[in-house]
Amino acid sequence: MEKTLDLRKEISSSFIKHSKFAEGQFTQLAGAIPQEKFLWRPEEGARSVAEAFLHAALGNYLILRTLGGQLPDGVDLQKLEKSTTDKKQIVEELGRSFELVNKCIADTPESEYGTQVDFFGTKSTKMDMIFSAATHHWESLGQTIAYSRMNRVTPPWSVKP
């Protein structure tokens, strides 16, 4: 008997699996970086460690909003990256952003995957935005890994027992 795929379920569950994995790595990495290093930046004009982590949350919120989801009360997208340098608050914001974008993607009906949306002046589809969210997670994680390594912090998952 041939198995019929529920495309929405397959796409959203695959996305969420990878999203939760990325979130776990962000959380582990943020926990390993000393609080005093959250102000460090590689050069003038580049994001600080705190801003790099908050940029990941910002990306989630931008995708959420583009897909038609509601931002949490008090989130100002224009100010989010510079809103705090407190590690605990940053991890909480990251967690909230991942939870909301994951739920929004899980709730997006397959019939809307081809719906056109505007993302910074570029016409995209909701499916494009799901892929953009996934790639942004890994791009942002890569930046925070590079920042941690420049500060002599080894990502916890790569430490040999």
Restricting region 145-160 to residues that are of a type in the set (S, T, N, Q) and out of contact with any Leu (no Cβ under 9 Å at 6 or more places or on another chain), the residue that is surrounded by the fewest Cβ atoms within 10 Å (Cβ to Cβ):
Ser158
Out of region 28-55, which residues are buried (at least 16 other Cβ atoms within 10 Å of the Cβ), in contact (Cβ under 8 Å) with a residue 60 or more places away in the chain and either polar (S, T, N, Q) or touching a His at 6+ places or on another chain (Cβ under 7 Å) (or both)?
Arg47
Filter region 135-144 for residues that are crowded, with 17+ Cβ neighbours inside 10 Å and not polar (S, T, N, Q); which is nearest to the chain's Cα centre (by Cα)?
His137
Cβ pairs under 6 Å, 6+ apart, first in region 106-120 and touching a residue at least 40 places away in the same chain (Cβ under 8 Å) and hydroxyl-bearing (Ser, Thr, Tyr), second loosely packed, with under 15 Cβ neighbours inside 10 Å and in a strand (DSSP E or B):
none
Which ones in region 86-118 are surrounded by fewer than 18 Cβ atoms within 10 Å (Cβ to Cβ) and polar (S, T, N, Q)?
Gln89, Ser111, Thr115, Gln116
Determine whether Ala57 is among the aliphatic types (A, V, I, L, M) and more than 17 Å from the chain's Cα centre (by Cα).
no
Identity of the residue in region 96-123, closer than 14 Å to Leu64 by Cα and of a type in the set (Gly, Ala, Ser), that ends up modelled with the lowest pLDDT:
Ala106
Which listed residue is assigned to a helix (DSSP H, G or I) and modelled with pLDDT of 95 or more, from Arg65, Arg152:
Arg65
Single unsatisfied condition, Thr135 versus (1) over 27 Å from Gln28 (Cα atoms); (2) part of a helix (DSSP H, G or I); (3) among the polar types (S, T, N, Q):
(1)
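The values are calculated or read from the model by the stated rules, or taken from the named source; none is laboratory data. Predicted model, so just to flag it, every value in this text is computed and none were measured. Reconstructed Cβ throughout: ideal geometry from the backbone, glycine too, with neighbour counts over all protein chains shown.
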